[in-house]
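First comes the structure, then the notes that go with it.
Please treat every number below as a calculation from the coordinates, not as lab data. Source: prediction; values computed, not measured. For neighbour counting, all protein chains shown are included, and Cβ atoms are generated from backbone atoms with ideal geometry for every residue, glycine included.
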Amino acid sequence: MNSLSFVRAKGKDKVFAVFNLSKAPQTVSFKEPLFLGKYTDAFSKQAMEFTQTTELTIPAWGFRVFVK
């Protein structure tokens, strides 16, 4: 396992986090409906929409956190 992602939700609020647990960049996709939707990057404030075809590249030992 080189990457880990999870969603935590309560009511209309949702946090979606993706972690790269390796020394090389990883490209990941999100097929489960739990991940799909419009989010805001928690740090850059950039809007992002996850669909069944979205791919995200995470740098070595990096992470991304999205909120809804």
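Take the Cβ-Cβ distance between Ser29 and Phe63 as r, set R0 to 22 Å, and report the resulting FRET efficiency rounded to the nearest 0.05. For R0 = 22 Å, the calculated efficiency reads 0.85. Near the amide H of Phe30, within less than 5 Å, lie the amide hydrogens of Thr54, all on another chain or at least 5 residues away, with H placed in the peptide plane.
Karplus-derived 3J(HN,Hα) values for region 8-17, using 6.51 cos²θ - 1.76 cosθ + 1.60 with θ = phi - 60°, are 10, 9, 8, x, 8, 8, 8, 10, 10, 10 Hz; glycine and proline are entered as x.
Taking all Cα-Cα distances within the chain, those exceeding 13 Å account for 63%. Residue pairs exceeding 19 angstrom between C-alpha atoms, taken from Lys12/Lys68; Lys38/Lys68; Lys14/Lys38: none. Phi angles across region 22-37 convert, under the Karplus curve 6.51 cos²θ - 1.76 cosθ + 1.60 with θ = phi - 60°, into 3J(HN,Hα) values of 9, 8, 10, x, 10, 9, 10, 10, 10, 8, 6, x, 4, 8, 5, x Hz, Gly and Pro given as x. Here the extension length gained between Phe6 and Lys45 equals 12.1 nm, from 0.36 nm per residue of separation less the Cα-Cα distance.
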